[in-house]
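Visitor: Here it is, the structure, as structure tokens.
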Amino acid sequence: MGDSASRIPISNPKPRIRNPDEAAHPVGLLDRIAPRRSEPDVPPPPAPVAEPIFATKALRKFLTTLTSRESPVLLDLGPVVGSNVSFFGEQLGCKIFVEDIFADLDRHVRDAKLDALPEFLKTRFPQADGSVDGILCWDLIDYMDRRAAQELANELTRVLRPEGALLGFFGTAQARDTRYTKYIIVDEVTLKHRWYPAARGRQAILLNRDIIRLFHGLRVSDSFLLQNNLREILFRKPA
């Protein structure tokens with residue numbers, strides 16, 4: 001009696017019914033630890049590519065020329081960049097016209113009408129003479145042949161007011177790839193650039209004297225050679 005009182009009753013487990021598939025395909029220990037070879041490997045998502053950042057020396061000087069004007073008018077020759085529009089709006093309270101000449105150039109190349117580009121540029125800008133306080137030319141000139149570049153320079157000089165400023169970038173080394181660059185303003189001394197496809201690459205590298213001849217109606221106020229082989233030139237229109 002004493003022995004029977006100390007025993008712990010053990011219930012009999014229910015018999016396990018084997019799945020027929022288990023008999024045909026037994027699951028081993030390694031199968032439980034590692035995925036089977038037949039299962040496709042899913043690669044991890046690619047890491048985001050950081051956009052190159054570089055210091056600009058001319059942008060701050062360009063901004064300074066505009067701060068003396070109340071509600072200045074700014075002409076941007078590149079594609080629309082929302083953060084740039086916000087930056088200039090906050091810094092200057094200016095009116096901005098975005099005229100994407102890169103898109104015009106691309107269209108003329110794709111339509112095999114590049115010879116018509118100089119005439120097109122003569123009537124491209126609706127702005128009145130001397131009505132613009134500042135122009136962002138970026139590196140547009142690098143992608144144009146000499147005739148088109150000259151017509152563009154003539155029109156930009158026409159719309160720029162006396163004492164107005166034009167900021168241009170010019171490559172000093174031939175690029176091998178075919179792409180345009182969006183310049184994104186981080187702050188007044190820092191730019192980010194983002195590449196996008198282009199219908200043509202940069203043309204012949206212009207020497208300083210060639211650039212000055214293009215903009216013969218303007219004078220060079222400042223010129224800086226950056227470490228990324230880009231030359232920044234700030235032009236002013238004589239009073």
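Visitor: Applying the selection to the range 165-196, what residues are part of a loop (DSSP other than H, G, I, E, B) and in contact (Cβ under 8 Å) with a residue 60 or more places away in the chain? Walk me through how you get there before you give the answer.
Guide: Pass one, the range 165-196, residues part of a loop (DSSP other than H, G, I, E, B): 172-178, 188-189.
Result: GLU188, VAL189.
Visitor: Do you know which residues across the range 220-239 are under 14 Å from LYS61 (Cβ atoms) and loosely packed, with under 14 Cβ neighbours inside 10 Å?
Guide: VAL220
Visitor: Determine which member of the set ALA199, ALA148 is in a helix (DSSP H, G or I), in contact with a helix residue (DSSP H, G or I) (Cβ under 9 Å, 6 or more places away or on another chain) and of a type in the set (Gly, Ala, Ser).
Guide: Details: ALA199 fails: in a helix (DSSP H, G or I).
Result of the check over ALA199, ALA148: ALA148.
Visitor: So, one more: Consider TRP138 against the criteria (1) loosely packed, with under 15 Cβ neighbours inside 10 Å; (2) within 21 Å of LYS57 (Cβ to Cβ): it satisfies all of them except one. Which criterion is unmet?
Guide: (1)
Visitor: If you don't mind, there's one more thing I want to ask. For LYS192, all conditions in the list (1) within 28 Å of SER68 (Cβ to Cβ); (2) surrounded by 22 or more Cβ atoms within 10 Å (Cβ to Cβ) hold save one; what is the number of the exception?
Guide: Going through the list (1) within 28 Å of SER68 (Cβ to Cβ); (2) surrounded by 22 or more Cβ atoms within 10 Å (Cβ to Cβ), LYS192 breaks only (2).
Visitor: Could you pull out the residue among ASP133, ASP111 that is of a type in the set (Asp, Glu) and touching a Ser or Thr at 6+ places or on another chain (Cβ under 9 Å)?
Guide: Details: ASP111 fails: touching a Ser or Thr at 6+ places or on another chain (Cβ under 9 Å).
Just one listed residue meets the conditions, ASP133.
Visitor: Pairs under 7 Å by beta carbon, first residue more than 17 Å from HIS108 (Cα to Cα) in the range 140-164, partner among the basic types (Lys, Arg) and assigned to a strand (DSSP E or B), six or more apart or different chains?
Guide: GLU163/ARG236
Visitor: Does LEU136 meet the test of being in a strand (DSSP E or B) and under 19 Å from LEU105 (Cα atoms)? Talk me through it step by step, then tell me what you get.
Guide: Working: in a strand (DSSP E or B): yes; under 19 Å from LEU105 (Cα atoms): yes.
In short, yes.
Coordinate-derived values only; no laboratory data. Because the structure is a prediction, the values reported are computed rather than measured. No Cβ is skipped: glycine too gets one built from the backbone with ideal geometry, and neighbour counts run over all protein chains shown.
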